[in-house]
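Just below is one structure, and these are the notes that go with it.
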Amino acid sequence: MFYGAVVWDPWLIVAQIVCLQCLYYLTLGIFMSILVGSRVSRMSLIYFFDFAAVTASTVTGWCVISSFILTALAGAFYLLYLVERAKKCLDFSATIYIIHLVICILYGGWPASITWWIVNATGFAVMALLGEYLCIRRELREIPIARFRSSE
């Protein structure tokens, strides 16, 4: 992508949102199956979308919390490769978590657990800030310029 060309491409934005959301849930599923799947007899969507599963009072709840935080860390790297711009990381991170909130509301109602809000706010902050940091580091790298001299 050329950074100098300022072109509003809605299809690119929608594709980036869909890719990020799919990668978010795929990564969350992988971490959930590793951390939570080893503790419960049967995995279900409750651990993904029900606010009651995000609790600090059980070991399984801590595994769910860890899965969400690790997914946010991975999401920062997805932002680095899919979004590529530091100034867009906050927008895309917010979009991921707003869509997740809407799905959680549709699945189990308004999240009434303060733990759920803390975990998701922390995940959002980690994804946005780390994504911006990684993108800024990439944007500030020196551009290698090869100097060719004609041999006479």
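The values are calculated or read from the model by the stated rules, or taken from the named source; none is laboratory data. Note that the coordinates shown come from a computational prediction; the quantities given were computed from them, not determined experimentally. Using ideal geometry, Cβ is built from the backbone for each residue, glycine included, and neighbour counts are taken over all protein chains shown.
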Review point. Looking at the stretch 3-45, which of the residues that are among the aliphatic types (A, V, I, L, M) and in contact (Cβ under 8 Å) with a residue 40 or more places away in the chain is farthest from residue 84 (Cα to Cα)?
Key: 45
**Study point:** Complete set of residues in the stretch 71-98 that are surrounded by fewer than 18 Cβ atoms within 10 Å (Cβ to Cβ), within 13 Å of residue 19 (Cα to Cα) and not aromatic (Phe, Trp, Tyr)
**Key:** 82, 95
Practice item. Taking the options 72, 56, 76, 86, name whichever one is more than 21 Å from residue 138 (Cβ to Cβ) and among the small types (Gly, Ala, Ser). Key: 56
Review point. Can you name the residue in the stretch 34-54 that is over 19 Å from residue 103 (Cβ atoms) and at pLDDT below 95 and, of all such residues, is nearest to the chain's Cα centre (by Cα)?
Key: 37
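Look at the stretch 102-118 and say how many of its residues are in a helix (DSSP H, G or I) and more than 19 Å from residue 26 (Cβ to Cβ).
So in the stretch 102-118, the residues in a helix (DSSP H, G or I) come out as 102-108, 114-118.
Those left that are additionally more than 19 Å from residue 26 (Cβ to Cβ): 105-106, 108, 114-118.
Here the count works out to 8.
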